[in-house]
Amino acid sequence: MNGTAMQIQFSQLQQADFSGRIVDEGWFPRDEIELLDGPHGSLTVRLVGSEQALVKGEMTWSVSIPCDRCCVPVEMDLTAVFTYVCIVGTEEFDEFRHETECREEDVNSIYLKEPVIDSGVLCREQAFLALPSRVLCDESCRGLCPNCGIDLNKKQCDCATETNASPFSILSKLTER
């Protein structure tokens with residue numbers, strides 16, 4: 001963000017809306033995601049009541065993620081566009097923590113104990129939410145041999161091609177004895 005401030009106080013927003021650039025100031029999960037470029041983006045925060053603030057942001061970044069089948073690194077450009085309503089109040093915060101079902105209006109609501117928004121936490125969450133659930137180097141990726149571990153996209157192995165549909169198929173060998 002502008003300067004080193006990752007935390008935005010509601011008292012700051014009473015004078016003027018906050019607007020800043022999104023940069024990595026230690027919030028990006030580099031220990032879990034290999035970052036190639038970025039993040040780049042912008043964030044705006046404005047009060048929408050004495051105890052509520054509207055946070056809007058967008059950011060882009062490039063990462064390298066291993067293919068789910070063959071583990072070859074796949075470079076991806078990711079984008080996140082997000083909006084949050086930050087609500088101050090310990091009663092709402094405590095009530096939300098004990099709910100087991102998330103209502104539609106709660107999806108983008110964040111309940112705060114104090115009138116402080118940690119923009120790094122919001123951006124970190126968006127970095128994880130933008131990750132695809134499945135990463136493939138190619139739709140026709142054949143993956144790794146489950147026996148010897150060879151990359152089947154590059155070379156065919158000499159392992160038996162017997163495919164057992166069930167993990168319990170090994171038990172059939174016991175009845176053969």
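The values are calculated or read from the model by the stated rules, or taken from the named source; none is laboratory data. Because the structure is a prediction, the values reported are computed rather than measured. In this analysis, Cβ positions are derived from the backbone assuming ideal geometry, glycine residues included, and neighbour counts consider all displayed protein chains.
Only one of 110, 170 is in contact with a strand residue (DSSP E or B) (Cβ under 6 Å, 6 or more places away or on another chain), outside any loop (DSSP other than H, G, I, E, B), at pLDDT below 90 and not hydroxyl-bearing (Ser, Thr, Tyr); which?
110
Would you point out which residue out of 125, 139, 176 is of a type in the set (Asp, Glu) and at pLDDT below 75?
176
Restricting to the stretch 25-35, give me the number of residues that are among the charged types (D, E, K, R) and more than 15 Å from the chain's Cα centre (by Cα).
So the answer is 1.
State which residue is farthest from residue 71 (Cα to Cα) when the search covers only the stretch 116-139 and only residues that are touching a Leu at 6+ places or on another chain (Cβ under 9 Å) and part of a loop (DSSP other than H, G, I, E, B).
Ranking the candidates gives 130 first.
What number of residues within the stretch 36-51 are of a type outside the set (A, V, I, L, M) and either surrounded by 17 or more Cβ atoms within 10 Å (Cβ to Cβ) or under 17 Å from the mean Cα position of the chain (by Cα) (or both)?
The total comes to 5.
With the checklist (1) in contact with a Leu (Cβ under 7 Å, 6 or more places away or on another chain); (2) outside any strand (DSSP E or B); (3) of a type in the set (A, V, I, L, M) in hand, flag the one item residue 16 doesn't pass.
Failed condition: (1).
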